Amino acid sequence: MIKALNLRNINKRYNETVALSDINLDIEDGEFFSLLGPSGSGKTTCLKVIGGFEEPDTGDVTLFNEDVTYTPPFKRNVNTVFQDYALFPHMNVEENVSYSLKIKKIPKNEQKSKVDEILSIVKLNGYEKRKPSELSGGQRQRVALARSLINRPKILLLDEPLGALDLKLREQMQFELKNLQRQFQITFIYVTHDQQEALSMSDRIAIFNEGKIEQIDTPNNIYLKPKTAFVADFIGTTSIIPKDFAKKSLKYNYGFSIRPENININSNIAEYDFSINASINDIQFQGSYYKILCQTENINLTALHYLDMKNPLNIKIGDNIQLSWNKMDITNLDD
Ligand code: ADP
């Protein structure tokens, strides 16, 4: 496997703020890799260190086996797509996309054929003469992508590139981005705070929290085998059972997390490894299922009730119910 990126012991502070704390990361050539975490967790700073827009205080940045820690952005074989697209407003689509080719003094006819090719890939033929202000958000995003891809960078850095789009368009662009990445076989390093986006697009994900990486894993493992309470809580809905409660009430020696789809309501408890009494705080209709928010002592648990003609919802807020689950469905958490 060829390594596209290697970060070793990266630390970065802004005065008192620790933006990155001992970051270690390896990304393979051709991977779709996401940096996922809440706002302020260090994702953008990490991307800037990779792109050369920020220097780390300590540590090394290696791209394709070349140390680039102090190499300026334009000498790295990477390109960046920002959320605000950063298009030149006075230039039309064609001029925006061919800008870097012009700087490199590529012959005019070669520029033209490259621009035609890339515009057809991002489905923007016929829009060559339009200014950014005459395009929709999704089209502007495609221009920004075309402009970044035209140089065939080995790595594309994307900072919340779909953040400004509405949900439907975002889902469509997620699909198109993934296709582009497959087609070009470029390494994508993708910053997002949207867990669904990261889970659906990525080969692997790094979960950021307060400048640290909590877990690096496939989407499947991030969801099914979260290593820490933070990851379990950040990804999807989950219930966290702390160690002291687990010991006292369930005779189990570890803190753990459990997904709502694995918690059964008022089922035959003899069939399950764990069972507790809880009261219902709220019932939220979600379309194809109800979310049942429950509480026992100071622990919150979420269960689901899927809509089914043969299985109507026969519980209400305030009811006491039995919640049961199996050991194979829980994930032990690190202390
Ligand atoms: P994210 O991309 O996950 O939202 P950032 O990498 O932008 O997080 O920020 C990480 C932390 O560093 C935050 O606390 C942020 O306020 C701080 N920070 C980022 N850039 C600067 C800067 N230029 N000056 C001072 N603090 C900054």
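Some observations on this one:
- The residue that is surrounded by the fewest Cβ atoms within 10 Å (Cβ to Cβ), counting only those in the stretch 24-42 that are closer than 19 Å to P226 by Cα and within 15 Å of the ligand (Cβ to nearest atom), is P38.
- Residue match in the stretch 11-21 (condition: assigned to a helix (DSSP H, G or I), modelled with pLDDT of 95 or more and within 24 Å of the chain's Cα centre (by Cα)): no
- Filtered residues of the stretch 280-335 (kept if under 28 Å from Q215 (Cα atoms), polar (S, T, N, Q) and without any contact (Cβ under 8 Å) to a residue 40 or more places away in the chain): N298
- A count restricted to the stretch 152-165 and to residues that are more than 13 Å from Q139 (Cα to Cα) and surrounded by fewer than 17 Cβ atoms within 10 Å (Cβ to Cβ) stands at 2.
- Residue within the stretch 274-295 that is outside any strand (DSSP E or B), modelled with pLDDT of 95 or more, surrounded by fewer than 15 Cβ atoms within 10 Å (Cβ to Cβ) and not hydroxyl-bearing (S, T, Y) present: no
- Residue satisfying condition, being aromatic (F, W, Y), in the same structural domain as D159 (by TED's automatic domain parsing), touching a helix residue (DSSP H, G or I) at 6+ places or on another chain (Cβ under 7 Å) and farther than 15 Å from L158 by Cβ, within set F74, F88, F64, F53: F88
A quick yes/no check of all residues on (1) buried (at least 22 other Cβ atoms within 10 Å of the Cβ); (2) basic (K, R); (3) at pLDDT below 95:
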position	(1), (2), (3)
Q196	no, no, yes
S202	yes, no, no
N209	no, no, no
K212	no, yes, no
D217	no, no, no
L224	no, no, yes
I240	no, no, yes
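- Residue pairs whose Cβ atoms lie under 8 Å apart, separated by 6 or more positions or on different chains, with the first residue in the stretch 131-157 and in the same structural domain as R170 (by TED's automatic domain parsing) and more than 13 Å from L169 (Cβ to Cβ) and the second among the small types (G, A, S) and assigned to a strand (DSSP E or B), are K154/A4; I155/A4.
- Consider the stretch 195-214 and keep the residues that are of a type in the set (D, E) and within 16 Å of the ligand (Cβ to nearest atom). The one that is nearest to G163 (Cα to Cα) is E197.
- Selected residue [away from the ligand (no atom under 16 Å from the Cβ) and either exposed (fewer than 15 other Cβ atoms within 10 Å of the Cβ) or aromatic (F, W, Y) (or both)] from F82, F53, F88: F88
- Flag not set for L25, criterion: touching a Gly at 6+ places or on another chain (Cβ under 7 Å), touching a residue at least 40 places away in the same chain (Cβ under 8 Å), aliphatic (A, V, I, L, M) and not in a helix (DSSP H, G or I).
The values are calculated or read from the model by the stated rules, or taken from the named source; none is laboratory data. As the structure is a prediction and not an experimental result, all values here were calculated from the model. With ideal geometry, Cβ positions are generated from the backbone for all residues, glycine too; neighbour counts draw on all protein chains shown.
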